[in-house]
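Report on one structure; see the data block that follows.
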């Protein structure tokens, strides 16, 4: 993904470092962002060298394991990182949720699951719009349905402007 960094615009960056600007449990922490699967020891070495306490896997929508083997590799990496004391964000999309839950990441208090949902042009939907979180079938896995108004999901305390991401530095 081509995007701006502190030292200019780059494409195909694998690692970059910066302060986490998203309003999660890791907000404000020095973070190593990982855009593709890399060997555990290299990730640990870079994180320690850059004094990172948090590792963000799947930044920029890059978490895309396609095979069971790739999922296993990510699972080993995440377990190793949390065992080493790192807080780990794992950004994934709706199609990856079943794998995510099967791997029991949600049970690990050192893992921050970020479910990424692309909604282009959200500001054009208007104040009457709502985001509805449902289930795969009536009462199959969730206790009910959650509906959030446009105003709820676009509150400023949960918003991060694109300009805040420009201070990250490729490694």
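When each of the peptides 44-55, 142-153, 108-119 is scored by the mean number of other C-beta atoms lying within 10 Å of its residues, the order from highest to lowest reads 44-55, 108-119, 142-153.
Compute the Cα gyration tensor for the chain, then decide on rounded, prolate or oblate, letting a ≥ b ≥ c be the square roots of its eigenvalues: rounded whenever a/c is under 1.5, prolate when a/b is larger than b/c in the other cases, and oblate in all that remain. Oblate shape, in that a/c is at least 1.5 and b/c is the bigger or equal ratio.
The distance from the alpha carbon centre of the range 148-171 to that of the range 66-124 is 20 Å, rounded to a whole number. When DSSP beta bridges are restricted to pairs lying wholly in the chain, around 50% turn out antiparallel. Here the sum of -39500 (n - 2.57) over DSSP H runs of 4 or more residues, divided by the residues of the chain, equals -6000 deg cm²/dmol at 222 nm, to the nearest 500.
Extension gain for the segment residue 70 to residue 23, taken as residue separation times 0.36 nm less the Cα-Cα distance, is 14.1 nm to one decimal.
Each reported figure results from applying straightforward, stated rules to the coordinates on display, with no laboratory input. These numbers were taken from a predicted model, which means no experiment stands behind them. Here Cβ is always computed from backbone atoms with ideal geometry, including for glycine, and neighbour counts include all displayed protein chains.
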